[in-house]
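Undergrad: Questions regarding the structure given below will be posed in turn.
The values are calculated or read from the model by the stated rules, or taken from the named source; none is laboratory data. Remember, it's a predicted structure, so these values are computed and weren't measured experimentally. With ideal geometry, Cβ positions are generated from the backbone for all residues, glycine too; neighbour counts draw on all protein chains shown.
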Amino acid sequence: MSHKGKNSASSAKGKKPAKSNAESKAEDVLQAVVLADSFQDRFKPFTVEKPRCLLPLANTPLIEYTLEFLAMNGVQEVYIYCGAHTNQVEDYIGRSKWASSSKLSPFSVLQFVRVADARSVGDVLRDMDKRSLVDGDFLLVHGDVVSNLILDDALAAHRKRREASAANIMTMILHSGGPDEHRTKTNGITPVFVVDTKTQRCLHYDEMNPLQSDHYLSMDPAIADELSTEFEIRADLIDAQIDICTPEVLALWSESFDYELPRRNFLHGVLKDWELNGKMIYAEIFEDGYAARASNLQMYDSISRDILGRWTFPFIPENNIFLNQTFKKHINNVIIETGASHAHDAKLQNSVIGTDTSIGSGSKIINSIVGTGCKIGSNVTLENSFIWNNTTIGDGTAVSKSILAGNVVIGKGCSIPTGSLLSYGVQISDNISFSTAAVLSTVTSTGKQVAKDTNLLGPDSNAAPFYDPEDDELDDEDPSRLQKSLIYSLANWNLSTSSISTFNSDDESDDDDDSNLLSADPAHSSRSRLSSFASDDSAGKMSFHADAVHGLLDALRADSGDFDSAKLEFMGLRLANNASDAMMRKAVATAFTRRAVELVTPEHGGLDASKAAERAFTACKGASKFVNEVGVGGGEPAQIEFILSLQRALQHYSKGQEQQQAKSATLLPAMLQQLYALDILEEEGILGWWEDARAVDGESMAALKEKCKVLVEWLENADSEDEDDSDDDDSD
Amino acid sequence: MPSVSAGHALDLDKFLKSLKGQQLEASINSLISLLKRRQIRGSEPCAIATAHILLQVVARSKWHDVDSLLINVSRTGRRLVDAQPNELVIGNIVRRVLGLIRDEASEDRGDAGDESASEAPTPTDIVPPTSISQQWSSKRFDSVDSSTSASRPPLVSSYSSINPPKSLFHLLSTSPPTDGNVSPFKTSGASTPTWRGNASQIHALRSEVIDGIEEIKDEISQVDDQIAASAEVQIHPGDLILVHQPSPTTERFILRAAQKRKFTVLLAMAPPRRQHSPENQHATFRKKLSAAGVTVVNVMNGGLMAYMSRVNKVIIGARAVVATGGVVADAGSAAIARAAKEQGAAVVVLNGIYKLSPESPFDESSLIEWGDSSTFVSFSDGPLVSGAEIRTALTELIPPELIDTYITNLGTHSRDHLSSLIADHYKREDADFHIWEEALP
């Protein structure tokens, strides 16, 4: 490791002697790296105009909390990476007390780090490694951390471990979240840590989400065999992503050039390859104190509530931690800054009101945070809402659980429903109501002026509903989708079974024999994840489907292996779950279709359709026999059902892969042809399917069917010599 | 106060260490941050920190006459008070220093002392704190109280009484190093032409004020010992003494009594927290008491009342005492004091004289320090966190009528004497320094 060393020779090793003769000399300098950009866009539309770390949390920009936290822990040197909106952040910090030019700054060094074209946290850290800015233990935090933890003990423990062995490179600061539901746990993505109870060594890390295909976590058996005799698997931890790192961590980032996320990629990867890299990472789990990241709007909401509930003490408005604040606590837990005024009959409760804000008579403000310079008319109702600076709200308007950014103007008598986000400077005319949560902005996601939507928002408006094109690019199953709104809800998600084998609900509704299993009706799809576990035997059936598909897929991916064991496992599952023939058929069809689709994708060689179909069905010894016996296992009706299952699975699966759609669409005829060649399907079966009304249900189903036209025609002619031609046609 | 000096997190010790190397403004700001973040908490640490920073203000800030020094000190004081309005001792120390400066200035200048007339409001402008207006005229605390306490040490009786014989000696001995300290940190040259006052006078004043502040610091550090000197008078053999969450002062007091007397101590404590089981709290204190042969009984706050009828004395360590005699103490004390009153047990409050504040609360609730919600409820308890509003009071105000005796480093006092003590230690023109400072130029 190279050490640039501002402080002459204070390399990681040179510190040990300095440490041993202890307190007489100045302490070694604690450094921190702040990642003020997290390369996510979960605060859109607000972050189009302002960086996340400058968004106000309880009337104070987020980054202030982070810097206070660092100052509190005696950090001396701070390196900030800004990313998007760098100029705004630098400008803000430059004018604040933190600036290194300011006499008031508790930091001896505060330096901005610019990284050209960084696309992920990984890029930034790899760049940090190249520059060798940090030369000792440092704290790695994000620019949206709110915490009051004193890290002395954790730092001391980390130092001790590091001195014991250079392989102990990192200590994560986690906070226990308890077994129950907790508002400050991240929704959507649940981090799972496996931690040794004695040494606190973290053995495994994974993330789970309600959209994922199975509800299992796979753990390296070596953990139990070799690494630990006693360990906990914890899914309750609140992870504020505060890490105590040695410079070796940065080196490790450099080694793994494709890691992007500190947790999902880096932590998971490093822990998984413990044998290779020999590094060890520890977890300090705090029971007291507070630590959380405002990593998305839901967390923003939760942390704001925690601030109102004084959990973040001393970082609460009343303490006026941040410069020039003059908040005072009044009755009903209303915290009002000097200069704010409210009518005497205004009802205020559990809220924060910034300076120069005026509140008209008869208004009701409950559990809300109102910024500075706002004008709130009379008879306004604000509930659980966040109003940023200089916003005007007309008389009689009601706002519930929404975020109104700075300089928003809302006319009289409007109603803003739960979950709405109004970005900077949005104006709304009088008497406008929305039926569902509105996301409004004056700019598009690229920062251009939007064409105003006067129909929706009235003649005086300057805004339009915000639409983020990147949303469409996201995978349907990407759990980050769950974190994009202010309200966490699974209502619009189909969580019933695995995503790989769940078909679109509109196709399911007419699925005759097993629609219950796929939860076609809205009541089913909106149920929470918990209840889906708890519910009757449909849960069992779902798990059968997921398990079966997975088992088969694994066997198919092995390619060369013997299929008999997979078959045995499958039959075992079937017996355990008392699965019907139809369910088995579906599982088999799904598994083989997935495999075939996989083979078409470039990562797996990009085979053409007929080759992929052939490989899927014949690569494994016994696979075709298995399909014949288990998947189809019968006469013409069974064959028709099986083809239908194939068609649905294909239609569903190819959806996720837009670019592959054209290619995978030709898979159906290829697979049918292959199955025909293997004598699994008979001419009658395919023709029967061709006639079946269910095969043309929905546009994409019909499109898939259309692709098979050539094959069917050829079958009808029953002319074996045309085989090659038709095959070519299909695969084009 | 548990201080983790090995770590990085800031605390009082680190702050005091950092004073030397930092610019004055940076020191003031770091103290303000520490107060706001509650990293310096409790009356004694706050008082020590305030005395230190005011000493720096006197030594290093730019001032050319008494008025500007007063303004500097009260400005800084006001910022400190704003940072932690619930710690009354901060204001007390600032007032003491202001008074000290006025005294020194009037002595130095002899007849020329016009500083008090220059910006202080006339007596009629200020509404004096309740019931003590007649006491304002008594310029200096005299023998009224000292007679009640035999053990009162002469050193700290009053800082101003020992000033006159020092001036020449200190002029020679302390000002050069002070000056040396000053010059490198001054923002705008050490000798600006605007100095109106006689330079030597300024030096003399500076060193005398610094000496005075050093005395205040000494006083704070000796308070516990001096209060403990009254212990034997208060605690009699065979007494049953109830102590609520003993502060260092209280511990010292009890331990001193334990050297001579055999009695029983009831140790009342807040409900145990996770990881902070009562066994850890005050463990060393209990060990020492047992070593001295004193029986110690631990009582949870809830079970206290059953014992109250047998208790002879309740000893409460004050965080601050307001002008009316009300005592700001750890939450839970007021209930104990009330129960003691009902049962006829004597309530004794231990407070250093520096904790006695001339302020009297207009709004009692404004004196209460509200703490972290996680003091009693774990943050891991999700349903409770989202379903309940949790408020934890750290301090509360014990009404004056519940208290029988106040023991300070100057002796034992009744409530009626407090006003004379206040008059003795604070100048009335400084009583409201944090309010009228705004009007200064």
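Undergrad: Which of the residues spanning segment B:29-45 are surrounded by 22 or more Cβ atoms within 10 Å (Cβ to Cβ), assigned to a helix (DSSP H, G or I) and aliphatic (A, V, I, L, M)?
TA: B:31, B:34, B:35
Undergrad: Here's another thing I want to ask about it. Restricting to segment A:357-368, give me the number of residues that are without any contact (Cβ under 8 Å) to a residue 40 or more places away in the chain and either in a strand (DSSP E or B) or within 14 Å of chain B (Cβ to nearest Cβ) (or both).
TA: Selection size over segment A:357-368: 5.
Undergrad: I would also like to ask the following. Considering B:341, B:288, B:262, which residue is part of a loop (DSSP other than H, G, I, E, B) and either more than 14 Å from chain A (Cβ to nearest Cβ) or within 29 Å of residue B:89 (Cα to Cα) (or both)?
TA: Checking each option against the conditions leaves just B:262.
Undergrad: Hey, among the residues in segment A:349-364 that are under 17 Å from residue B:389 (Cα atoms) and in contact with a Leu (Cβ under 9 Å, 6 or more places away or on another chain), which one's surrounded by the most Cβ atoms within 10 Å (Cβ to Cβ)?
TA: In this case the residue turns out to be A:352.
Undergrad: Quick check, is residue B:354 buried (at least 18 other Cβ atoms within 10 Å of the Cβ), of a type in the set (Ser, Thr, Tyr), in the same structural domain as residue B:235 (by TED's automatic domain parsing) and not in a helix (DSSP H, G or I)?
TA: No; evaluated as a whole, the condition is false for this residue.
Undergrad: Next question. Between B:68, B:74, B:27, which is over 30 Å from residue B:251 (Cα atoms), among the hydroxyl-bearing types (Ser, Thr, Tyr) and within 14 Å of chain A (Cβ to nearest Cβ)?
TA: Sole residue among the options that is over 30 Å from residue B:251 (Cα atoms), among the hydroxyl-bearing types (Ser, Thr, Tyr) and within 14 Å of chain A (Cβ to nearest Cβ): B:27.
Undergrad: Here's a follow-up. Of the conditions (1) over 20 Å from residue A:270 (Cα atoms); (2) away from chain B (no Cβ under 14 Å), residue A:128 clears all except one; give me its number.
TA: Looking at each condition in turn, residue A:128 falls short on (1).
Undergrad: In segment B:367-414, which residue that is among the aliphatic types (A, V, I, L, M), part of a loop (DSSP other than H, G, I, E, B) and touching a residue at least 12 places away in the same chain (Cβ under 8 Å) is nearest to the other protein chains (Cβ to nearest Cβ)?
TA: That would be B:390.
Undergrad: When only residues in segment B:359-386 that are under 14 Å from residue A:179 (Cβ atoms) and surrounded by fewer than 20 Cβ atoms within 10 Å (Cβ to Cβ) count, which is nearest to the chain's Cα centre (by Cα)?
TA: Here the residue is B:378.
Undergrad: Would you be able to say whether some residue in segment A:292-304 is within 25 Å of residue A:198 (Cβ to Cβ) and in contact (Cβ under 8 Å) with a residue 24 or more places away in the chain?
TA: no
Undergrad: Specify the residue that is surrounded by the fewest Cβ atoms within 10 Å (Cβ to Cβ); the eligible residues are those in segment A:34-60 that are in contact (Cβ under 8 Å) with a residue 60 or more places away in the chain and polar (S, T, N, Q).
TA: A:40
Undergrad: With the structure loaded, tell me whether residue B:267 is modelled with pLDDT under 90, closer than 23 Å to residue B:376 by Cβ, among the hydrophobic types (A, V, I, L, M, F, W, C) and in contact with a Lys or Arg (Cβ under 8 Å, 6 or more places away or on another chain) or whether it fails that test.
TA: Values: modelled with pLDDT under 90: yes; closer than 23 Å to residue B:376 by Cβ: yes; among the hydrophobic types (A, V, I, L, M, F, W, C): yes; in contact with a Lys or Arg (Cβ under 8 Å, 6 or more places away or on another chain): yes.
Against the criterion (modelled with pLDDT under 90, closer than 23 Å to residue B:376 by Cβ, among the hydrophobic types (A, V, I, L, M, F, W, C) and in contact with a Lys or Arg (Cβ under 8 Å, 6 or more places away or on another chain)), residue B:267 qualifies.
Undergrad: Looking only at segment A:310-325, decide whether some residue is more than 37 Å from the chain's Cα centre (by Cα) and either within 24 Å of residue A:95 (Cα to Cα) or crowded, with 17+ Cβ neighbours inside 10 Å (or both).
TA: Checked segment A:310-325: no residue is more than 37 Å from the chain's Cα centre (by Cα) and either within 24 Å of residue A:95 (Cα to Cα) or crowded, with 17+ Cβ neighbours inside 10 Å (or both).
Undergrad: Could you give me the residue pairs with C-beta distances under 8 Å whose first residue belongs to segment B:94-108 and is free of Cβ contacts under 8 Å to residues at least 40 places away in the same chain, whose second residue is among the charged types (D, E, K, R) wherever it lies, and which are 6+ apart or on separate chains?
TA: Note: pairs meeting the criteria are B:106/B:115.
Undergrad: Count, please, the residues in segment A:379-421 that happen to be surrounded by 24 or more Cβ atoms within 10 Å (Cβ to Cβ) and either touching a helix residue (DSSP H, G or I) at 6+ places or on another chain (Cβ under 6 Å) or not in a loop (DSSP other than H, G, I, E, B) (or both).
TA: Number of matching residues: 11.
Undergrad: Can you tell me how many residues within segment A:310-356 are on the phi > 0 side of the Ramachandran plot and within 13 Å of chain B (Cβ to nearest Cβ)?
TA: 6
Undergrad: Oh, and also: Would you confirm whether or not segment A:153-160 contains a residue that is touching a residue at least 12 places away in the same chain (Cβ under 8 Å), in the same structural domain as residue A:239 (by TED's automatic domain parsing) and under 30 Å from residue A:481 (Cα atoms)?
TA: Checking segment A:153-160: not a single residue is touching a residue at least 12 places away in the same chain (Cβ under 8 Å), in the same structural domain as residue A:239 (by TED's automatic domain parsing) and under 30 Å from residue A:481 (Cα atoms).
Undergrad: Then there's this: Suppose we filter segment A:68-114 for residues that are closer than 26 Å to residue A:42 by Cα and within 11 Å of chain B (Cβ to nearest Cβ); how many remain?
TA: Adding up the residues that qualify gives 3.
Undergrad: Restricting the search to segment A:562-584, which residues are outside any helix (DSSP H, G or I) and exposed (fewer than 14 other Cβ atoms within 10 Å of the Cβ)?
TA: Matches in segment A:562-584: A:562, A:578.
Undergrad: Could you say which residue among B:91, B:99 is surrounded by fewer than 24 Cβ atoms within 10 Å (Cβ to Cβ), within 21 Å of the chain's Cα centre (by Cα) and at pLDDT 90 or above?
TA: Exactly one of B:91, B:99 is surrounded by fewer than 24 Cβ atoms within 10 Å (Cβ to Cβ), within 21 Å of the chain's Cα centre (by Cα) and at pLDDT 90 or above, namely B:99.
Undergrad: For segment A:304-338, give me the residue count where each residue is more than 25 Å from residue A:184 (Cα to Cα), of a type in the set (S, T, N, Q) and in contact with a strand residue (DSSP E or B) (Cβ under 8 Å, 6 or more places away or on another chain).
TA: Of the residues in that region, 3 qualify.
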